[in-house]
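Below you'll find the structure, written out as structure tokens, and then a few comments.
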Amino acid sequence: MWDTPRLFDRLERALGARRGPLLIPHLPHRFGFTPIEEQAEMLATLIETAFGAEQPIDLLGFSMGGVIARTWIQLLGGHRRTRRLISVGSPQQGTLTAQPWPSWPLAGIADLKAGSPLLQRLNTDLAALQQVDCCSFYCQPDLMVMPAWRAVLPVGPGRSLPVRYHHQLMTHPAALGPLVEELLRP
């Protein structure tokens, strides 16, 4: 939520030239004011601009970004070109951390509540998501996605990483190793 694309610098360095081209977009969510679906539309535009309309892609989404990627896949037709979705510390089943926040004006945060209308829509019809190779990574003591099992997609395996907090899922060597391994998997 408060991160910038610089958060991915360590992952990008760990990948080296073994994976590319990469798109590491900044989706302006205005501190949670922008609804997830609106951010997914922005993501669609950035993907099409960077890769054209048909090139197959793999997506890695961290935190809110994983739910944005999933929304694009399931509701905006992204499943037609997405080979893989790697969800990292993303509240795919909602998070108790978002529960107290009102849907107005914090629509983007409210979309992450357990049982939100958006997450209900995503979980009602999994057909598009089932066409994508999915996996989830999370950490047990995550205070952003509580309880931790809520970070697991309803499709594909989930794996707990041995880090202490949310941000370390993208910065700690114990998390970067498995992420790089997954990104380099054929």
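The values are calculated or read from the model by the stated rules, or taken from the named source; none is laboratory data. Please read all numbers here as calculations on a predicted model, not as lab measurements. Here the Cβ positions follow ideal geometry from the backbone for every residue, glycine too, while neighbour counts run over all protein chains shown.
Name every residue in the range 16-61 that is within 30 Å of residue 177 (Cβ to Cβ), touching a Ser or Thr at 6+ places or on another chain (Cβ under 7 Å) and not aliphatic (A, V, I, L, M), in order of residue number.
Across the range 16-61, the qualifying residues are 26, 61.
In the range 1-59, which residue that is of a type in the set (Asp, Glu) and closer than 21 Å to residue 76 by Cβ is surrounded by the fewest Cβ atoms within 10 Å (Cβ to Cβ)?
54
Since residue 105 meets every condition but one in (1) within 13 Å of residue 67 (Cβ to Cβ); (2) surrounded by fewer than 17 Cβ atoms within 10 Å (Cβ to Cβ), which condition does it not meet?
Residue 105 satisfies all of (1) within 13 Å of residue 67 (Cβ to Cβ); (2) surrounded by fewer than 17 Cβ atoms within 10 Å (Cβ to Cβ) except (1).
Answer yes or no as to whether residue 6 is part of a helix (DSSP H, G or I), modelled with pLDDT under 95 and closer than 24 Å to residue 142 by Cα.
yes
Can you spot a residue in the range 113-123 that is under 29 Å from residue 181 (Cα atoms) and surrounded by fewer than 22 Cβ atoms within 10 Å (Cβ to Cβ)?
Yes, the conditions are met somewhere in the range 113-123.
Sort out which residues of the range 157-186 are under 15 Å from residue 146 (Cα atoms) and loosely packed, with under 15 Cβ neighbours inside 10 Å, and write them in order of number.
Scanning the range 157-186 gives 164, 165.
If you go through the range 138-186 one residue at a time, how many are touching a Phe, Trp or Tyr at 6+ places or on another chain (Cβ under 8 Å), in a loop (DSSP other than H, G, I, E, B) and among the charged types (D, E, K, R)?
1
Please find, among 71, 82, 95, the residue that is in contact (Cβ under 8 Å) with a residue 40 or more places away in the chain, within 28 Å of residue 171 (Cβ to Cβ), crowded, with 18+ Cβ neighbours inside 10 Å and touching a Lys or Arg at 6+ places or on another chain (Cβ under 7 Å).
95
What are the residue pairs meeting all of these: first residue in the range 21-39, first residue in contact (Cβ under 8 Å) with a residue 12 or more places away in the chain, second residue of a type in the set (D, E, K, R) and in a loop (DSSP other than H, G, I, E, B), Cβ atoms under 8 Å, and 6 or more apart or on different chains?
The qualifying pairs are 35/111; 36/111; 37/111.
How many residues are in contact with a Lys or Arg (Cβ under 9 Å, 6 or more places away or on another chain) and in a loop (DSSP other than H, G, I, E, B) when one looks only at the range 25-54?
Result for the range 25-54: 2.
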